[in-house]
Every structure is written in C-alpha cells, then in structure tokens.
1. Just to be sure I understand the model, the point goes 7 Å from the Cα along the line to the Cβ. What's the resulting E440 to D612 distance in nm?
2. Between W185 and R522, what is 0.36 nm times their sequence separation minus the Cα-Cα distance? Round to one decimal in nm.
3. Within the chain, what percent of beta bridges assigned by DSSP are antiparallel, to the nearest 5?
4. Quickly rank 46-52, 607-613, 330-336 as a protection proxy: mean count of other C-beta atoms within 10 Å, highest first.
5. Leaving ligands, DNA and RNA out of it, rank C205, C298 by accessible area with a 1.4 Å probe, largest first.
6. Counting Lys +1, Arg +1, Asp -1, Glu -1, what net charge surrounds F265 among other residues with beta carbon under 9 Å of its beta carbon?
7. Only bridges whose two residues both fall in segment 1-91 count here: according to DSSP, what percent of them are antiparallel, nearest 5?
8. Which distance in nm do the two modelled labels at K315 and K515 give, with both placed 7 Å along the Cα-to-Cβ direction?
Amino acid sequence: MTLENKTLCVWDANLEPENFENTLTYQWNGYIENDRIHSIPVYIELNSDHLRAKYLAFIHDLGESKIDNKSLIEHLALENEFSYWWMTLFVEKSVYKSPITEVIRMLALEEIINQHKPSRIQLVSDNKILSRILCDLCHSLDIVYEWKHLPSKKFLNFNFKSAYTLLPLGVLSLISLSRYVFFRWPFRSVKKTAWLKKENSVFFCSQFSNINPSSFFSGKFISDLWGGLPNLLHSKNIHVNWLHFLVSPNSSPKPKATINYLKRFNRSGKYKETHSFLEENISGRVVMRVLKRWIKLCFISWKLRGVKNQFSPQKSKLSLWPLLEKDWKSSMYGQVAINNLLWIELFDAFMSKIPTQRVGLYLCENQSWERSLIHAWRKYGHGRLIAVSHSTVRFWDLRHYSDVRTIKKAGTYKIPKADLIALNGDVAVNGYVSVGFPEELIVETEALRYEHLNKFRTEHLIQKRKKGVIRVLILGDYIASATIELLQLLERATHYISATITYTVKSHPNFIVNKEDFPLLRLEVTMDPLEEILHNYDISYSSNMTSAAVDAYFSGLPSIIILDKIGLNFSPLRGQKNVHFVSAPDALAELLQSVHRDVFNISSCNDFFFLDPALPRWQKLASSSFDISDEKFN
C-alpha cells in the first residue's frame, strides 16, 4: 500500500489520535492498534531482530567511518593497541544512558515511510528533536513536512540544580573531577593490602554493591552477586583476591565507613581472601594524567567537528546526530569522558603494582570500566580473564550485543574483550549466539545471583486453585512512574472484571505505594521477602523492567507484564511461552479472570537459568580455566 497524494501522521501526544481524512496514523508511543491507528512500538516488536541488527551495524560503521583517511577508532587512539572509542557511550549502548529507544523508533519510522511512500508527513508532538530529524528526512526524500507543534509539557522550575546544568560542559567536567577527587581522596590512607602470589589464587573484580547485610555486622564478606562461588573456592584452599570499586561519588556507604568495612573483611578473611579498593590508587599523578588526556580529547573533538555527517546508517538518508549529539559531546569532553579517563588511569596504576594474577573474573555488564580493566590486565601481562554475566540477558539490553564485525575485528585497535564469557542460562547463551558471538568463547555456569531460585525447583509452592477468589500479587518497580502506570492500568481494567479478585502490591524499597492513591483496587501493601509470600498468590502482575518478575516466573506463578508505552519491551521474560504482555485494560481484565483456565499453560522453566547448588559447571570451569587440578574438586 502506498500513500500517493496522502499523508502519514506521526502522533506523539497523550490525547486520542484524531481521524484525519486520507491519512495513515502511526502512534509514537503505545501498543494499542485498530483499523485506523497503527503503532510504531508494535512495528518494532514485529521487526525486532533486524532493527536490533541495524542499530548494531550502525554503531560498528560509525567507529569505522573515515575522516581525513583515518577511522574514528584510529583518531581516538590513546596509547599502543588501545582506542578510546571503546569507552564511549556509543559502544556501551546502555538504554539507561543513551536515547536508544528513540533511535530504534526512528529507524522503524524510516522503514514505514519507505514502505508507504507518502507525499506528506505530519508530526503532532512537542518534541523538537523528533521534528528536526523528520524535517531533514522529508527534505532529503522530497516529502512535504508539517509540524503541529503542541505546547511543551515541561515546566521550567529554576533552582540551583537547573542552573548547575546550564554551565558549559567543560566546566561541568572539571567540577565532576574535583568532586571525585574530594570524595575518593580518603582512600589513600588505606594500608595497601599484600596480595598473595600463591599459585592457587583467583582475582575477583566488581562494584562494591549487593553486599549481604549480615557482612556489615559479622565482618565476613558475602556478596549476593557472586553467590556460593567464593565459599566453593575457599573449601578447596583457593585464595581470593578481591578488587572493589564504588560506583559514584555519592555511593553508599561513605568512604570512612567503607574503609572500616574493608579492614574488618581483611581481618575476617585472613589467609583466605584479601580486599582492596580501586580508589586507593587515586593520586596527584593520576589526576594530572586524567587532565592531560581530557585536554587531548577536547582537541580531538574539535578536530572531528565534522563527525555529525557520519551519523547516518548505511543506505539511509536519516541523520541521527540530533539524538546522539549529546552522547558524543559527553563521551568526548563531558563528565562521561572524565569518568572514563579515571577508570583508565586507576586500573593502570593498580594492575602495574600487584603480583601477576594467573586468572581473573569480573562482573560483566559491558560498561566502559570493563574495557579499562581488560586493557590494563593485558598490558601488564596477567593471565586468563573471564567475564561473568551475573544478571538476565535481555533482548533490548544492547550492552550485551555487538555487530559480528566488531566482535571479530582484529588488528591494533580491536575491542578489548575477555578470554571467555560465563553465561548463566540457555536464554543468555542463545542471545549471544544469535548476534554471531563466537560459541568457543562461551562457557556455561550456574547463575550465582539467582541461587535462591533453586528452592523453587524442589518445592512446589504454587497450588493452583480452580475456584474462589483470585489473588493477584503486584510487583512494583523501582521507578515511581512505572509503578504508577502499572496500577493505573489495573484500575481501568476493574471496569471489565466480574470475578472476585484481591490485590496485594509488593513495593520496591525505592517507591513505597500509598494504597489510598488507588481506591478502586482496595490494595494491601507488603514488604515481606518474595520467597516467603509467592505461594500465597494465583498470579503475578508486574512492570516491564522489574527483575522481581523472574522470581514469580520461577515459582510457577502465571505472569502478566505491562508493556511500557514509551519504551522498548525490556522485560527479562520477553519471549517466554508462559508470560503474557498487555497494554489495554480489557485485555488485562480477560487475562486476570482466565488464571484458572488453560490460558497460561505453565511449563518448565529449567532452561532459563542454570541452577544447581553444587555448582558443577563452575567446578568444571575452575578445574580447566583456573588451571587447578581436577582432584581438588572431587
């Protein structure tokens, strides 16, 4: 179908789309469709594989794009065999930091335009960046463009914080460096830990978070991210050298308390483990090297000021520069650049001093600090390095994926990567393999972070009721707006419900629900641990991004997940057979009332995570990759 002499309308407004004559309307947000209204998010879900591949290819091509006969990767070379390109937000591909959702939607919209070939495009929106991109695209395609400019939904509330963000980016960067040094300088007083050279030692690196609360009282270090692996190694007389780091200047606990915890952990783990903080390596020399390299990046950015012409995908007339300009500036001379350069210098200082490590493991989320760790690890001749994917691998979490050409790139400035990546289930393995990641670099290991799910495989907690009251457990999100949207949709669904249903919300600690705000639901609120309450309910209902949905899924509880109307389907359970996604109140009502029928068809979820309390896969990896004799694990 073409739209010769007709209009394609892009509707980006909270109001119901108007019925324009001779117009095909696509909603920018939302999944609801009918005879006259279509949805760009629905188009994305139906074409997700190739749209994801198109985005990954765009990032690869951007790094390889030539300016003055040199690729961006080469322009950003900081030292031998290492390019700063691999530290940028473009390579990290984090939906939490970059406008990836908007880019994917623009790629989808361009395909829709090319399919329908309208003579006129109308945008109904208050989004200036979207209008700018569409205007330029229409000009390139010789299409008439009209912007129906809606009043901005943003209200200017001028305060200190807003005034601060108006400062020049370079000034903000220097303030960021000053804050980091101020908050981290106390770590210089920490007595340097003597790392052992023992043949039976293993290096662990991860952020200082998800520490079991009992650790702060007992002094015995227990990380919920690493599960039972450290204890397994200790039982085989294998020493663990821990390197921790804090995530941000405002991270909790504060430096003084953190240093005290470090001392207690070292006393408690004597002869078994040692603990150090990366921030112990902050120094005047490190700060000066960061400033020197930051000035170099500023100069390179000025030299590459024509880079905006490279921000079009191959065979496309779509310019993504208006969306990604901020990421470029932040990566090159903004606060991201300062943080990245600190990672580079701190890991370099640390890796140059410690005894040679025969094998190392680090928590893998494909963030920029990991590239610094890998580069310094290789530079100073340490041994085998294994990336450990500790969480779920989601389809749209593009941090986990790269174009196959990037993965296989050889030569001087190839992407720093570990020798192996440890994946925690078939879903993760299949996700990596689907984008061309070499299977020989993948090793299967138990999901350490989700060891508590083992009991759901041995205890039949959920007893399905055929009659009576339907008990719904609502799983709140850490983002307040996501939880509110979740509950508002449920309130609208009550108008279509005739069955007797009770609702209990398990609030996230970051946002405690006030049940008085949702009177139609007559909510009960609980803060009890999930594992203690799941057996009390018939069905779970959760937001798109919460990981609590995984616990409910493993318990055998039928699961309903709301589709985020302004984001991608970021659920860790996307693609699972016994999970239903909804966006309309009538569909939600139907699913809730169908819980005792065969709609959900609960099946085994044994392939989602590798779970075994004996950790046989980790034992196998330790006996081979750790170069430790098999006898120790018998």
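The values are calculated or read from the model by the stated rules, or taken from the named source; none is laboratory data. Quantities reported herein were computed from a predicted structural model and do not represent experimental measurements. Using ideal geometry, Cβ is built from the backbone for each residue, glycine included, and neighbour counts are taken over all protein chains shown. Just the protein is used for accessible areas: all its heavy atoms, side chains included, with ligands, DNA and RNA removed. Shrake-Rupley method; radii C 1.70, N 1.55, O 1.52, S 1.80 Å.
1. Result: 2.6 nm between the two label points.
2. That pair, W185 and R522, stretches by 116.2 nm at full extension.
3. 10
4. Packing proxy ranking, top to bottom: 330-336, 607-613, 46-52.
5. C298, C205
6. +3
7. 35
8. In this crude spin-label approximation the distance works out to 5.8 nm.
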